[in-house]
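These notes are about the structure you will find just below.
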Amino acid sequence: MGDRFSMDEIRQALGVRDEHFQRRIRELRTWGWVIDGMKDMPGLNAEYLMRQHGWWPGSLDSKPDDTSSIDPHTRRKVLERDGSRCTICGVGAAENYPEPPRNPARMTIGHVIPAQQGGSNKIDNLRCECARCNETVRAESGSGESFDDLLASARRLPAADKKTLLRWLRQNSRERSDLDAVYDRIRLAAPGVRDQLTHWLGERISL
Ligand SMILES: [Zn+2]
């Protein structure tokens with residue numbers, strides 16, 4: 001755990017040359033393994049960082065429900081409904097995270113009620129989650145920020161923002177505002193449409 005490995009090292013260790021390891025890694029991730037690649041951490045040069053192991057065939061826990069078994073149609077519907085934006089932290093697909101490491105966010109499909117607690121693979125129990133939130137939901141330890149530090153920041157928020165924050169915390173999701181919804185639709189449109197709208201707004205508004 002915490003070590004890096006390359007595809008060549010895996011091939012040498014297993015004596016296998018023709019296995020699709022990228023696909024196997026994706027599969028492990030759906031079983032709760034946390035393996036960072038270059039997309040998650042730009043400093044990893046063609047290497048992977050092993051952060052946490054999840055379910056494996058010999059483990060005593062039951063196998064977590066495999067979200068890769070969700071059919072592509074349902075997957076697309078969930079992404080469309082949620083605007084390809086993480087319902088927990090609000091980051092959009094391929095947008096850079098606002099805090100370090102500022103790598104681009106990758107979207108996954110998560111369960112509202114976890115599969116282990118009987119949650120289904122139906123669309124109303126699925127939601128768009130970025131890989132970071134999806135992993136944090138399962139992680140046992142948090143960021144290490146203390147109650148006092150967070151309280152100091154929460155206190156400084158205007159009353160309306162405190163209300164919103166309470167709602168987000170209670171429902172463990174961040175709803176999209178009208179502004180987010182319009183932004184997401186523009187962001188996900190063809191590049192030409194996005195450019196036209198940027199231009200249209202730029203002509204009328206000065207920042
Ligand atoms: Zn997120």
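Pairs meeting the criteria (first residue in the stretch 86-97 and in the same structural domain as Arg75 (by TED's automatic domain parsing) and open to solvent by 10 Å² or more (accessible area, probe 1.4 Å), second residue assigned to a loop (DSSP other than H, G, I, E, B) and near the ligand (Cβ under 6 Å from one of its atoms), beta carbons under 8 Å, at least 6 apart or on different chains) are Tyr97/Val91. When Asn172, Asn134 are checked against the criterion of being at positive phi and within 16 Å of the ligand (Cβ to nearest atom), a single residue qualifies: Asn172. Given the structure, is Glu80 more than 14 Å from the ligand (Cβ to nearest atom), within 15 Å of Arg176 (Cβ to Cβ) and not assigned by TED's automatic domain parsing to the domain that holds Asp40? Answer is yes for this residue. For the residues Arg167, Arg176, the requirement of being outside the structural domain of Asp71 (by TED's automatic domain parsing), in contact with an Asp or Glu (Cβ under 9 Å, 6 or more places away or on another chain) and modelled with pLDDT of 90 or more singles out Arg167.
Return yes or no: is Gly2 farther than 30 Å from Ile186 by Cβ and in contact with a Pro (Cβ under 8 Å, 6 or more places away or on another chain)? Lay out the reasoning, then the answer.
On the way: farther than 30 Å from Ile186 by Cβ: yes; in contact with a Pro (Cβ under 8 Å, 6 or more places away or on another chain): no.
So Gly2 does not fit the description; no.
The set of residues in the stretch 107-131 being under 25 Å from Arg51 (Cα atoms), at pLDDT below 90, buried (at least 16 other Cβ atoms within 10 Å of the Cβ) and over 10 Å from the mean Cα position of the chain (by Cα) consists of His111, Ala115.
Does Arg11 satisfy being under 26 Å from Pro101 (Cα atoms) and either assigned to a strand (DSSP E or B) or out of contact with any helix residue (DSSP H, G or I) (no Cβ under 7 Å at 6 or more places or on another chain) (or both)? Step through it out loud before you land on a result.
Numbers: under 26 Å from Pro101 (Cα atoms): no; either assigned to a strand (DSSP E or B) or out of contact with any helix residue (DSSP H, G or I) (no Cβ under 7 Å at 6 or more places or on another chain) (or both): yes.
Here the answer is no, as Arg11 does not meet what is asked.
Looking only at the stretch 152-207, residues that are farther than 29 Å from Leu79 by Cα and either in contact with a helix residue (DSSP H, G or I) (Cβ under 7 Å, 6 or more places away or on another chain) or open to solvent by 100 Å² or more (accessible area, probe 1.4 Å) (or both) come to 8 in all.
The values are calculated or read from the model by the stated rules, or taken from the named source; none is laboratory data. On a predicted model such as this, the values are computed, not experimentally measured, just so you know. For neighbour counting, all protein chains shown are included, and Cβ atoms are generated from backbone atoms with ideal geometry for every residue, glycine included. Accessible surface areas use protein heavy atoms only, side chains included; no ligands, DNA or RNA. Shrake-Rupley method; radii C 1.70, N 1.55, O 1.52, S 1.80 Å.
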